[in-house]
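**Student:** I'd like to ask some things about the structure below.
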């Protein structure tokens, strides 16, 4: 089953249009700065050491990539003990690991020091309930087919992180957001 998933993932990634992000049909633009390129290159080297690069792994060159720091969307198949599963890279490196069941997937997810977003695809109500009850992340999705499992829907869903991805568990655009910027004070006056 993982081979079928990986093949579909590779096929979809190969179809992405890379280039100037101001162009409407471009899905993927440059990374933000030279430090991001270094982080990308370090992650690719680590992925090669730990497992196998299935797609990408390098800088993009050519006329359309002259203005900006472009790297190829990269997919690596790695063992679950790879340190790349424990980092927030913010570069286009996707680590794919194989788990035996949902419980192992949740346990592996919860090992990470971060908890910004998490997502699964399932039609089983029991899996969905188990995921929501056990995963340690602030923004959680089930069956979100558009984009990655990152980000929130403004006006409909607060954006919040748990663990190293946030300090309060109370997210932006949610009911507790403004209260994070206020100080509470208890006042008592006793008439004698």
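All of the numbers you see were taken from the coordinates with simple rules; none came from a lab. All values reported here derive from a predicted model rather than from experimental measurement. Cβ atoms come from the backbone with ideal geometry, glycine included; neighbour counts cover every protein chain shown.
**Student:** Rounded, prolate or oblate: which fits the stretch 1-89 when a ≥ b ≥ c are the square roots of the eigenvalues of the alpha-carbon gyration tensor, with rounded for a/c under 1.5 and prolate only if a/b beats b/c? It would help to have the intermediate numbers written out before the result.
**Tutor:** Numbers: a/c = 2.37, a/b = 1.35, b/c = 1.75.
Taking the square roots of the gyration eigenvalues as a ≥ b ≥ c, the stretch 1-89 is oblate.
**Student:** Modelled label-to-label distance, residue 80 and residue 20, 7 Å Cα→beta-carbon offset: nm?
**Tutor:** According to this spin-label approximation, the distance is 4.6 nm.
**Student:** Starting from 0.36 nm per residue, how many nanometres of slack lie between residue 101 and residue 48 once their C-alpha separation is accounted for? It would help to have the intermediate numbers written out before the result.
**Tutor:** Working: separation 53, 0.36 × 53 = 19.08 nm, distance 2.60 nm.
Fully extending the segment from residue 101 to residue 48 adds 16.5 nm.
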